[in-house]
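Step one of this worksheet: look at the structure below.
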Amino acid sequence: MHMADALISPIVGATMWVATAGVAAYSIKRIQTEMDEKKIPLMGVMGAFIFASQMINFAIPGTGSSGHIGGGLILAILLGPYAGFLTMASVLTIQALFFADGGLLALGSNVFNMGFFTCFIAYPLIYKGFMKKGYTTRRIVLASVLTAIIGLQMGAFGVVLETLFSGKTELPFGTFVLLMQPIHLAIGAIEGLVTAAVVTYIWNSRPEIIERASSGEAIGNVTIKKVVARLVIVAVLTGVGLSWFASSNPDGLEWAMIKTAGTAELEAPDGLHQQLSDLQSKIAFLPDYSFKAPVNEIEQSAGEGKEAWPAVSGGTSTAGLIGGGMTLGLAALVGAGISMLKRRKMRANS
């Protein structure tokens, strides 16, 4: 559900950038009470895990579409809503800047759609409501699936509204919404099952991580080395190898656009859109999670028809490894910066 710049107008893009920056500033302020030295590496590792997981598109049977997990719910459950939102922002920023996944103008929209709705609405109002009576495997599964579906439905509807307010007549509201919501219902159900599997594992290994994230407490004296090490291993294996098995079908947003407008790529206007596109082309050294190919090779591959599956690619593996490492570094840097602010404030008040 990564929006391209061509889907939104500069006014809508700027508005969503401001909204996202406001939520980020609020998160930085609120997270200081629960930030400690152990949350920093956990934010980094979870960012890398979500980056790698989003590289795997799973096919939606009977539709010709595919989807990938958003990851906002997993982040909110394991890190709390504030750290979860900031980690999601780190993931999407790395993807947009260095892998050309999602536009730069649309980055604010993408962070808001995939982070805010899940971390600040679906997680506290739905997931935590299920858990008031205590954690069980059955309750984790039910809460994860329902919360993931609702969070993704809100995010998908956010995409529709943003294109509507941007005046994208190629994507009429009625048709677009009737395609976006059902396909993301299916994607949300699968994401919910993935979320349930991850949360159940963490709950069985270190339930204190989830409990303290839910109550807004620091991790404290809880040992998390084994959990962190295993998440690193899973992230590496996912990004380097399992990413070869991603479905080549268009994702839910692209599928809805094809059904509505006959194309997955709208023509972007000149001006700011073109300037940002040129900038992104210069920065993104592994566009579409692969090595840059000469124009003649791109044309040749386009004429060869459907790609082979699994798509064994050194470029994809490199993107998974480097992207995961960069996301880990950025998310951990955000956490370290917040921890530094917390220490300075404590010294100033003492």
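The values are calculated or read from the model by the stated rules, or taken from the named source; none is laboratory data. No experiment lies behind these values; they were computed from the predicted model shown. Cβ sites come from the backbone with ideal geometry, for glycine too, and all protein chains shown count toward neighbours.
The residue of segment 39-66 that is farthest from GLU191 (Cα to Cα), among those that are touching a Gly at 6+ places or on another chain (Cβ under 7 Å) and among the β-branched types (Val, Ile, Thr), is ILE40. Here is the figure for segment 191-227: residues that are crowded, with 17+ Cβ neighbours inside 10 Å, more than 20 Å from GLY67 (Cβ to Cβ) and of a type in the set (A, V, I, L, M, F, W, C) total 8. Scanning segment 167-190 for residues that are polar (S, T, N, Q) and either closer than 26 Å to GLY84 by Cα or buried (at least 19 other Cβ atoms within 10 Å of the Cβ) (or both) yields a total of 1. Per the listing LEU97, LEU86, LEU73, LEU105, the residue uniquely aliphatic (A, V, I, L, M), over 19 Å from TYR123 (Cα atoms), assigned to a helix (DSSP H, G or I) and touching a residue at least 12 places away in the same chain (Cβ under 8 Å) is LEU97. I need the full set of residues from segment 250-297 which are under 22 Å from the mean Cα position of the chain (by Cα), closer than 23 Å to ILE183 by Cα and not in a loop (DSSP other than H, G, I, E, B), in order please. Answer for segment 250-297, where residues must be under 22 Å from the mean Cα position of the chain (by Cα), closer than 23 Å to ILE183 by Cα and not in a loop (DSSP other than H, G, I, E, B): ASP251, GLY252, LEU253, GLU254, TRP255, ALA256, MET257, ASP288. Among (1) under 21 Å from LEU152 (Cα atoms); (2) at pLDDT 95 or above, there is one condition ILE56 misses while meeting the rest; what is its number? Failing condition for ILE56: (2).
Yes or no, residue by residue, for (1) within 30 Å of TYR135 (Cα to Cα); (2) not in a loop (DSSP other than H, G, I, E, B):
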| site | (1), (2) |
| --- | --- |
| GLY167 | no, no |
| PHE176 | no, yes |
| ASN204 | yes, yes |
| ILE219 | yes, no |
| GLY239 | no, yes |
| TRP244 | no, yes |
| SER248 | no, no |
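Which of the residues belonging to segment 23-68 are within 20 Å of SER214 (Cα to Cα) and β-branched (Val, Ile, Thr)? Passing the criteria: VAL23, ILE28, ILE31, THR33, ILE40, VAL45, ILE50. Remark: SER144 falls outside the filter, which requires a residue to be of a type in the set (Gly, Ala, Ser), in a helix (DSSP H, G or I) and under 11 Å from the mean Cα position of the chain (by Cα).
When you scan segment 288-304, do you find a residue that is modelled with pLDDT of 80 or more, among the charged types (D, E, K, R), under 22 Å from SER247 (Cβ atoms) and surrounded by 13 or more Cβ atoms within 10 Å (Cβ to Cβ), even just one? Looking for residues that are modelled with pLDDT of 80 or more, among the charged types (D, E, K, R), under 22 Å from SER247 (Cβ atoms) and surrounded by 13 or more Cβ atoms within 10 Å (Cβ to Cβ), one finds at least one in segment 288-304, hence yes.
If you check GLY13 against the conditions, is it under 26 Å from LYS168 (Cβ atoms) and either outside any helix (DSSP H, G or I) or modelled with pLDDT of 95 or more (or both)? Yes, satisfied. Entry remark, segment 241-266: residues being closer than 30 Å to MET43 by Cα, crowded, with 19+ Cβ neighbours inside 10 Å and among the hydrophobic types (A, V, I, L, M, F, W, C) number 2 in total. Could you say whether any residue in segment 72-84 is surrounded by fewer than 24 Cβ atoms within 10 Å (Cβ to Cβ) and under 24 Å from ILE187 (Cβ atoms)? The answer is no, given that none of the residues of segment 72-84 is surrounded by fewer than 24 Cβ atoms within 10 Å (Cβ to Cβ) and under 24 Å from ILE187 (Cβ atoms).
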